Each structure stands twice: as structure tokens, then as C-alpha cells.
1. In the list Ile53, Ile26, which residue meets the criterion of being touching a residue at least 24 places away in the same chain (Cβ under 8 Å), assigned to a helix (DSSP H, G or I) and either in contact with a Ser or Thr (Cβ under 7 Å, 6 or more places away or on another chain) or among the charged types (D, E, K, R) (or both)?
2. Filter the stretch 1-51 down to residues that are touching a Pro at 6+ places or on another chain (Cβ under 7 Å) and modelled with pLDDT of 95 or more and give me whichever is surrounded by the fewest Cβ atoms within 10 Å (Cβ to Cβ).
3. Thr54 fails exactly one of the following numbered conditions: (1) β-branched (Val, Ile, Thr); (2) open to solvent by 70 Å² or more (accessible area, probe 1.4 Å); (3) at pLDDT below 90. What is the number of that condition?
Amino acid sequence: MDELVARITSNVGIDPATATKAVGLILAFLQKEGPADEVAALIAAIPGAQNAITSAEGQGGGFLSGMMGGVMGLGSQLMGMGLGMGEISGVSKETIGYAREKAGSGPVDDVVNSIPGLSQFV
């Protein structure tokens, strides 16, 4: 997770704590909305991913607590953290790119393609 957070901090320009929470929210969203087996493989391939999910949800960022679901709900949660659209796009692209490096394109693309509307953001 440290490597991914460092990349986000460098390439997107947000602080490490915000980057970690944003990644946790994105991964929690994938875990909730995507195919269980593929998402489990993706999360297992990213060191510290489950801890980031648990931490983000523990800070009130869990999807089950939100009024909106889907991609728009995730966007609302990330904007609620103070991220702008460019930062949200950057964090999303870095997270999915890193997941592809670690878990492979096939499983990650299966997850992305299974969630309506997600592919336009990553």
C-alpha cells in the first residue's frame, strides 16, 4: 500500500492520509459492487489493501452508510473528503493501474467491466 500511496501523493498531489482513505474507499466500493472472486484476488494482490478498506470504513466511509450507491455514491464520498474531480480521476487511475500491475489486467478488467459506469473513470 505504501508504494501505491507514494505514487498517488507524487502524481496526484494529495497527502498520504487522504490518499490512503481514498484508496480504501475505492477498494471497498469494488468489494461491494464487483464479482467476489475477482475482487478478492485483486485485493489479495495489493499489500495492505484490506487494512485500507477496514480503516476507510471505520472512519465513516463505508458504502453501506451512504445514501447513494454505485459510482456516483463513491464520487460523492470522495468529494466529501475534499477531493476535486481531477484528483478523484487521478486516484482512481493510479489505483486501478497499480492493481493491474499486481493482479494482472484480466482480473482487474473483469472487475471494472462488471460495474456499470466505472470504466469511464479509470
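The values are calculated or read from the model by the stated rules, or taken from the named source; none is laboratory data. Only a predicted model underlies this, so the values are computations on that prediction, with no experimental measurement involved. All Cβ positions, glycine included, derive from the backbone under ideal geometry; neighbour counts span all protein chains shown. Remember, those area values only see protein heavy atoms, side chains included, never the ligands or the DNA or RNA. Shrake-Rupley method; radii C 1.70, N 1.55, O 1.52, S 1.80 Å.
1. Details: Ile53 fails: either in contact with a Ser or Thr (Cβ under 7 Å, 6 or more places away or on another chain) or among the charged types (D, E, K, R) (or both).
Just a single option satisfies the conditions, and that option is Ile26.
2. Residues of the stretch 1-51 touching a Pro at 6+ places or on another chain (Cβ under 7 Å): 1, 5, 9, 38, 41-42.
If we keep only those that are modelled with pLDDT of 95 or more as well, we get 5, 9.
Numbers: Val5: 22, Thr9: 17.
The residue in question is Thr9.
3. Just one mismatch for Thr54, condition (3).
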